[in-house]
Amino acid sequence: MDLGIAGETALVVGASEGIGYESAKGLLEEGARVLICSRNAEKLRAAAARLEKASGRPVKWRAADVTKADDVARLGRWLAEEAPALDILVSAVGGSHRALFEELVDAAWLASYEFNVLGTVRVVRAALESLKKARSGRIVLNWVSS
């Protein structure tokens, strides 16, 4: 498939495994320059190494927890240096507490909202200036549950 994104720059958040990892892999296969992010530095480092081995191209990474505003602010500053013009932002963060409905307390619902919704909002805000500088910045939201 040719998505017409060869040479474009993409950031994939939630890329240490699952849909995020596969999204990063697909973008690399299409010829994009890919940066990856997730909250677990060890998993992220391993994912970057696997992606580099599979694609033969460098993959820069940055650990950040999207539930922490300071982490996302640092991610935004890193992104401004690494990709002042960002063509593609993929957010593949998500998860939930597993329990029966009647067992879920308000704190669990709020934690899910913080991670799944506000985390994505923070990432989009952090990347917005870089996306505006691209010829056609695109945002892909993969709302996942694990």
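The values are calculated or read from the model by the stated rules, or taken from the named source; none is laboratory data. All values reported here derive from a predicted model rather than from experimental measurement. Cβ sites come from the backbone with ideal geometry, for glycine too, and all protein chains shown count toward neighbours.
Details
- Pairing each residue of the stretch 98-115 that is under 19 Å from residue 68 (Cβ atoms) with any residue that is of a type in the set (S, T, N, Q), provided the two are 6+ apart or on different chains, yields C-beta distances under 7 Å for 112/96; 114/67; 115/67.
- For residue 86, the test of being in contact with a helix residue (DSSP H, G or I) (Cβ under 7 Å, 6 or more places away or on another chain), part of a helix (DSSP H, G or I) and at pLDDT 95 or above is failed.
- Test: residue in the stretch 36-48 that is of a type in the set (Ser, Thr, Tyr) and in contact with a strand residue (DSSP E or B) (Cβ under 9 Å, 6 or more places away or on another chain): yes
- Within the option set 47, 15, 73, being at negative phi, in a helix (DSSP H, G or I), at pLDDT 95 or above and surrounded by 22 or more Cβ atoms within 10 Å (Cβ to Cβ) holds for one residue only, 47.
Residues are listed down the side, and each one gets a yes or a no for (1) assigned to a helix (DSSP H, G or I); (2) within 17 Å of residue 20 (Cβ to Cβ):
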| position | (1), (2) |
| --- | --- |
| 79 | yes, yes |
| 95 | no, yes |
| 98 | no, no |
| 129 | yes, no |
| 140 | no, yes |
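- Conditions (1) modelled with pLDDT of 95 or more; (2) under 22 Å from residue 125 (Cα atoms); (3) among the hydroxyl-bearing types (Ser, Thr, Tyr); (4) surrounded by fewer than 18 Cβ atoms within 10 Å (Cβ to Cβ); number of the one not met by residue 55: (2)
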